[in-house]
Amino acid sequence: MYKRIMLKISGEVLGNKKGTGIDPEALNKIAKEIVKVNKAGKEVVIVCGGGNIWRYRDTKKAGIERTTSDYMGMMATIMNSVALQSAIEKIGVHCRVATSLDLPQIAEPYIRRRAIRHLEKKRVVICGGGTGNPYFTTDTAAALRAVELNCDVILKATKVDGVYTADPEKDKKAKKYNKLSFQEAIEKNLRVMDQTAFSLCKDSKIKVLVFNMHKKGAILNAARGKKIGTLVS
């Protein structure tokens, strides 16, 4: 059983069938699942990716240099965070967006003690803007915020039901791991989270649960500690 969870979702899950833009149906569906977790008494922190709007590795041909492109990606995560906040509050749950970039017109700055206070008051907290630094992924941001906010687990919501020996969509012989150690994940270079995020979780002893978020009730089941997906610890 987990009390305080970090939910890491990609930007693509908020998008249309191609994983781009912000699709209202996808947005509201995820918001409803998050509200269920909040209503179940869990303290919820969220980090969103920005790949549905902008991501360096998908836009190299644009010719925009890496640092600038990464800041554009950070702003994309904030756009997703504000959209998700609106969808969650429309259902009736208080939600705060705390960003690493200074955008006072739409969100408050990320301050650790303030974020913890929001959680204690049963508000959902969405951390936008990544770490605030280029060259770091939102996986690393999720790991960092999880450590800072004393989360019990990182729920890595994906489109597959765990970690496999290879990409299950490309290799039918790929086998699923039920449990993994961080050392195994790092040594086998399993690309579920980046190496920096894995190392931070390993050093801080924060578990990572990788699961398929598209199954009905999956986020709530994961938050309740049910045996789904792959547990990395």
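All of the numbers you see were taken from the coordinates with simple rules; none came from a lab. What you see is a predicted model; the values in this text were computed from it and never measured. Cβ placement follows ideal geometry from the backbone for every residue including glycine, while neighbour counts extend to all protein chains displayed.
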- Pairwise label distance in nanometres, N133 with K205, each label 7 Å out on the Cα-Cβ vector: 2.5 nm
- In whole angstrom, largest first, the equivalent ellipsoid semi-axes that the Cα gyration tensor gives for the stretch 1-133 are 25, 17, 12
- Query: Which whole-Hz couplings ³J(HN,Hα) result when phi for each residue of the stretch 42-56 is put into the Karplus expression 6.51 cos²θ - 1.76 cosθ + 1.60, θ = phi - 60°, listed in order with x for Gly and Pro?
  - Reply: 8, 8, 10, 10, 10, 10, 9, x, x, x, 6, 10, 7, 8, 4
- Using 0.36 nm per residue of separation minus the Cα-Cα distance, give me the extension gain between K90 and T165 in nm, one decimal. 22.9 nm
- Given a Förster distance of 25 angstrom, what is the FRET efficiency for A40 paired with I106, based on the Cβ-Cβ distance and rounded to 0.05? 0.30
- Query: Amide H to amide H under 5 Å from K207: which residues, 5+ apart in sequence or cross-chain, H placed 1.01 Å off N in plane?
  - Reply: I154
- Query: Can you work out ³J(HN,Hα) from phi for every residue in the stretch 162-170, in order, using Karplus 6.51 cos²θ - 1.76 cosθ + 1.60 and θ = phi - 60°, giving whole Hz and x for Gly and Pro?
  - Reply: x, 9, 10, 5, 8, 5, x, 7, 10
- Report the extension gain between E184 and K226 in nm, rounded to one decimal, defined as 0.36 nm multiplied by the number of residues separating them, less their alpha carbon distance. 12.9 nm
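Over the chain, calculate the relative contact order: mean separation of alpha carbon pairs under 8 Å at least 6 apart, over the residue count, as a percent.
Once divided by the residue count of the chain, the mean separation gives 22 percent.
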- Task: For each pair in K61/K215; K8/K172; K60/K121, compute the distance between the two Cα atoms and list the pairs where it is over 32 Å.
- Result: K61/K215; K60/K121
- Task: Within 10 Å, count the other beta carbons around each residue, average over each peptide in 149-155, 61-67, and list them highest first.
- Result: 149-155, 61-67
- Out of K207, K216, K179, a Gaussian network model of the chain with alpha-carbon springs under 10 Å gives the largest mean-square fluctuation to K216
- Among [x] 14.3; [y] 13.0; [z] 12.3, which is the computed mean projected area of the Cα convex hull in nm²? [z]
- Message: Taking 0.36 nm per residue of sequence separation and subtracting the Cα-Cα distance, how much length would be gained by fully extending the chain between K18 and K176, in nm to one decimal?
- Response: 54.3 nm
- Theoretical ellipticity at 222 nm over the chain - DSSP helices of four or more residues, -39500 (n - 2.57) apiece, nearest 500: -11000 deg cm²/dmol
